[in-house]
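Colleague: Handing you this structure, nothing more for now.
Read the figures in this text as sums done on the coordinates, not as results from a lab. None of the values given here were measured: they were computed from a predicted structure. Using ideal geometry, Cβ is built from the backbone for each residue, glycine included, and neighbour counts are taken over all protein chains shown.
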Amino acid sequence: MNYLLLALLLLLWLLLTGVLYRFDPRRTDGRQIWKDTLAGGLLWLLVYGFFWRTLSGDVYQPADGGDLASFLYPTYRFAAAELAQGRLPLWNPTLYGGAPFIGDIQAGFLYLPTLLLFRLVPAFPYSVMQQFVIAHLFWAGLGMYVLLRSMRRPGFPVSRPAAFFAAVGFTFCDPLLIHFGNLNLVATLSWLPWILAAFAHGLENRRLGWVGLAGLLLAVSTYAGHAQSTFYIGLALVLYTAGQLATDSLFARPGQRRGWTFPVASLALTGVLAILLAAPVLLPAAELTAHTIRADFAYQDTVAYSLAPVQMLAGFVTPGFFGRGPALHWSLWERVELPYLGVPLLLFAMAGILLALPEQRQRLWTWSGIALFGLVVALGLYTVVHGWLTLLLPIFDQFRAPARALILYALGMCVLAAVGFDAVGVHMARSSVLAAILKGGALVIGTGVVTVYALLLVTQGDETTFLRVSLAALALVLAGVSWLATWAIVVARQQQRSAFGIFAALAIGLLFLELATAGAYTDIAEADPAQRFSQPEIVDFLRSDPDLFRIDTRTDLESLWQPDTAALAGLQDVGGVANPLALRSFVDFWESIGGRETRRYDLLNVKYVLVQEGTALPAQKFLRVFGPVNGIEVYENSAFLPRAWLAPAGIDLDNTEPPATVTAAAVRAYTSTHMAFDLQAPEAGYLVISELWYPGWVATVNGAATAVEMVNGALRAVAVPAGASRVEMSYRPNSFTWALWAALAGVGILIVVGFLGTKGSRHE
């Protein structure tokens with residue numbers, strides 16, 4: 001799979017090199033195109049070198065699997081299995097008693113790369129998930145290279161080495177690398193520089209075709225399935241547009257001002273196109289949000305995982321002062337992404353601000369503003385700005401982890417660093433302020449190193465404190481060495497003691513070496529986290545039962561049984577990994593059960609309960625039928641209720657209990673989005689079905705449409721007559737139907753925009 005992935009990425013880069021060539025305003029022939037092709041290949045080699053142990057299968061990353069193993073792997077495998085059987089997985093019956101799958105934007109199964117994966121390798125191993133993350137990190141860095149090489153304002157584009165330097169920094173920046181286990185986030189944000197490149201090119205040249213491309217790329221990134229990241233990409237577009245308008249108003253001569261109409265219209269067009277084209281995931285997600293526990297978020301939930309100011313200050317120069325990986329993190333604050341981009345990139349970004357050419361400096365205000373905005377928002381509850389935004393911006397209050405806004409900081413800083421790279425390397429500019437920063441920073445870091453070494457001498461008796469001080473010492477030493485080395489590289493070039501090629505190679509090499517030293521072997525483990533899904537004996541036993549039933553693994557079993565195993569094994573569970581998009585109705589119902597000994601518990605169609613060996617269950621109701629195997633025992637529920645059963649007419653649907661003698665319905669068909677039951681009812685009543693009620697489920701009784709009622713605030717029921725009945729249910733959400741029409745409208749608009757774009761006022 002590694003070689004297939006490599007081949008696909010390099011082939012894609014060869015195709016996109018041609019697009020980049022179309023961006024380049026200085027082209028005269030195609031003889032220089034090989035340099036951009038080489039840059040893409042070299043970036044991949046660095047990515048492969050950074051993750052060589054993970055790609056070789058020697059280690060796994062992140063160490064505990066994170067969301068990549070616990071949530072995304074079983075989710076993707078479920079979707080792949082459904083698609084392989086010719087079904088669109090709109091509903092997932094395997095977890096949480098059943099839940100809308102199309103509404104869970106995190107599922108990401110309509111994202112083009114995942115669809116390609118599902119088609120090529122439906123039963124892919126867990127290692128492919130890691131490869132997908134690595135590929136998207138490469139894609140993010142490649143996008144940064146394209147963004148910088150495509151800038152056409154005065155003083156741009158930056159040189160290829162400068163663009164490559166920034167691309168390396170963006171690829172391995174902390175806001176992306178710390179989320180290695182969150183494929184959705186990395187995949188979505190990997191499109192950020194690509195979207196900005198197309199949008200900026202469209203604004204600069206007044207070409208609607210490029211603006212339409214930005215909208216299309218934004219829609220593609222949205223399908224990757226991380227709404228907060230999509231929101232930040234939208235904010236980046238807004239900030240870029242505002243920055244361009246402000247720059248034009250402040251610095252352009254009256255006769256040369258370009259006006260606000262086209263930029264604002266372009267921004268609106270990009271947003272409308274993206275919303276329409278991504279409607280098949282956005283509309284069902286909006287519908288689901290109102291029915292989930294996330295709808296109950298308070299402000300204190302929103303600001304969880306804010307970047308603390310002390311973390312921020314240390315994080316500018318090192319990610320390891322408080323321990324970078326989860327195993328060694330020790331600060332009082334939650335472990336979050338840091339503004340760490342590598343010391344060389346930080347210093348060259350400062351050089352960009354201080355040494356940029358006058359015509360460049362005017363354009364850098366936009367990128368400085370984007371970086372500052374991301375940094376301030378990342379502070380979350382430590383500034384009032386974040387609170388204002390929850391009131392001013394739609395759906396902003398639904399997102400937690402403000403520190404994720406640091407991706408905007410990384411974006412802006414990488415652009416500044418590329419400009420600073422050229423200011424030092426090409427123009428050999430100097431600044432007394434930059435010299436003072438270099439000297440002062442070296443002094444501060446040196447003082448820190450001396451201090452922590454002194455602390456090492458006095459903390460040897462306390463193992464925990466000694467470990468923490470040791471981590472801080474190592475982090476500061478790495479930062480200090482990199483700071484001094486960058487200083488030496490800058491001075492050597494400014495004094496013309498090194499050629500530009502040598503300067504560029506040293507700067508890029510130093511940045512990569514520091515980033516790799518600080519992060520390549522962080523949060524890795526030799527044990528495959530997906531092995532916790534492997535309980536073949538228990539799975540085979542459960543599959544051997546021909547009944548339609550659910551299992552219950554909500555028994556503190558996480559250390560032995562991965563919570564989402566049911567999605568991978570084709571079972572149905574009332575549990576699952578913690579998910580803020582769990583249906584509120586199911587959560588409330590579960591909390592009202594009152595224990596497994598109650599009849600209300602039996603309404604969930606739980607036949608088997610999995611527990612750790614030696615765990616006690618109510619003896620008169622539960623009988624051990626299998627195990628122990630690998631520390632797990634399986635108990636059968638003797639009061640198990642079938643999936644569908646007859647309740648008498650006139651019952652209170654808000655408080656229904658099964659009768660002493662249950663008339664069961666026979667299951668004639670069952671898939672994720674369709675089910676059919678045959679019932680012989682002695683009298684009219686309700687067929688109660690142990691499936692969660694949710695908008696979009698429709699039913700027929702003997703071919704006639706009938707209403708789907710809610711039972712006990714969570715389950716479903718339909719009225720049935722006396723005698724024989726065939727009850728069928730299908731999931732046909734109106735939100736998805738309307739979304740498909742919206743996407744079709746978006747395609748139409750995109751075609752029109754593309755046609756108009758060919759008749760732009762400028763010729764490339």
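Colleague: Could you give the length gained on full extension between residue 304 and residue 467, defined as 0.36 nm per residue of separation minus the Cα-Cα distance, in nm?
Modeller: Taking residue 304 through residue 467 to full extension adds about 56.0 nm, to one decimal.
Colleague: Cα atoms only: what Rg and Dmax, in Å, come out for the stretch 644-732?
Modeller: That works out to 11.8, 35 Å for Rg and Dmax.
Colleague: Also, quick follow-up: If R0 is 51 Å, what FRET efficiency do you get for residue 265 and residue 38 from their C-beta distance, rounded to 0.05?
Modeller: Once rounded, the FRET efficiency stands at 0.85.
Colleague: Shifting gears a bit: Can you order the peptides 400-406, 712-718 by their average number of other Cβ atoms within 10 Å per residue, highest first?
Modeller: Final packing ranking: 400-406, 712-718.
Colleague: Once label points are set 7 Å from the Cα along Cα→Cβ at both residue 385 and residue 258, what is their separation, rounded to one decimal in nm?
Modeller: So the label points at residue 385 and residue 258 sit 2.6 nm apart.
Colleague: Can you sort 194, 34 from fewest to most other Cβ atoms within 10 Å of each residue's own Cβ?
Modeller: 34, 194
Colleague: Which of 596, 77 has the fewest other C-beta atoms within 10 Å, and how do the rest follow up to the most?
Modeller: Ordered from fewest to most neighbouring Cβ atoms within 10 Å, 596, 77 come out as 596, 77.
Colleague: Rank these for me by crowding, 249, 482, 127, 432, going from fewest to most other beta carbons within 10 Å.
Modeller: Ranked by crowding around the Cβ, least crowded first: 432, 249, 127, 482.
Colleague: Now, a different point. Share of Cα-Cα pairs in the stretch 76-129 beyond 19 Å, in percent?
Modeller: I get 22 percent for the Cα pairs in the stretch 76-129 exceeding 19 Å.
Colleague: In debye, nearest 20, what is the charge dipole magnitude of the chain about its Cα centre with +1 on Lys and Arg Cβ and -1 on Asp and Glu Cβ, if you could check?
Modeller: Magnitude of the dipole: close to 3640 debye.
Colleague: Taking the alpha-carbon centroid of each part, what is the distance from the stretch 48-123 to the stretch 540-571 in angstrom?
Modeller: Between the Cα centres of the stretch 48-123 and the stretch 540-571 lies a distance of 18 Å.
Colleague: Got a sec? Charge dipole of the stretch 470-545, +1 on Cβ for Lys and Arg, -1 for Asp and Glu; which of 491, 534, 513 is way out at the positive end?
Modeller: Sorting the options by dipole projection puts first 491.
Colleague: Right, next: Could you give the length gained by full extension between residue 625 and residue 295, i.e. 0.36 nm per residue of separation minus their alpha carbon distance, to one decimal place?
Modeller: So the chain would gain 114.8 nm between residue 625 and residue 295.
Colleague: Roughly speaking, what is the centre-to-centre gap between the stretch 397-451 and the stretch 174-237 when only Cα atoms are used, to the nearest Å?
Modeller: 24
Colleague: Still on this model: Which three numbers, in whole Å and largest first, are the semi-axes of the equivalent ellipsoid of the stretch 353-494 derived from its Cα gyration tensor as √(5λ)?
Modeller: Sorted largest first and rounded, they come to 32, 29, 10 Å.
Colleague: Expressed in nm to one decimal, what extension gain is obtained for the pair residue 534 and residue 248 from 0.36 nm per residue of sequence separation less their Cα-Cα distance?
Modeller: In short, 96.9 nm is gained.
Colleague: Of the listed values (1) 52, 32, 22; (2) 46, 30, 26; (3) 63, 34, 22, identify the label whose number matches semi-axes √(5λ) of the Cα gyration tensor in Å calculated from this model.
Modeller: Correct label is (1).
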